[in-house]
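Accompanying notes for the structure given below.
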């Protein structure tokens, strides 16, 4: 069973408080972009959706840090992200999408070697692939952001966005406020967004 579910409520609260104190990067949600900038929704999953990322809480956190560092290097903005036991989502603005995807592939390769060594599973295929989708409109952007933050709730890990530690949801809610977040949720509903992507 996934480690988060084994923690007591007090342990979960302590972990959330600790992670909030690290001040993960958050950039203001955009209203308009100047011509020539691009937004992308990137998804990657473990092979056959095996929860390899969730081997430990430390692995979840370390992978999150590595992913965000890579996004910071190649993206002007990292708007939203969520790391789950067997896949992740990240919403970025970048004019270097090809370079970012190449570096993501290299990260997957390095981390696969490391994790297979730790798990004594040399030769195991860790990642399936990463897929980028260009954001077509502001509606598509906000639906993607809502989908990213709602993913841990969708998969039954938590009941509220802000209760999932490996996500930008808490920073997002703190930044824009609950009333604005609720308005965006209702205005740009998830509906069938991402259906069958991460089953």
Label-point separation, residue 120 to residue 38 (7 Å along Cα→Cβ), nm:
4.5 nm
For region 33-187, what are Rg and Dmax over the alpha carbons, in angstrom?
15.7, 49
D for region 90-175, whole µm²/s, Stokes-Einstein with Kirkwood Rh over alpha-carbon pairs at 25 °C and 0.890 mPa s: what number?
159 µm²/s
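Rule-based calculations on the coordinates, nothing more; no lab input. Since we're looking at a predicted model, the values are computed, not measured. Methodologically, a virtual Cβ is constructed for each residue, glycine included, from the backbone with ideal geometry; neighbour enumeration extends over all protein chains shown.
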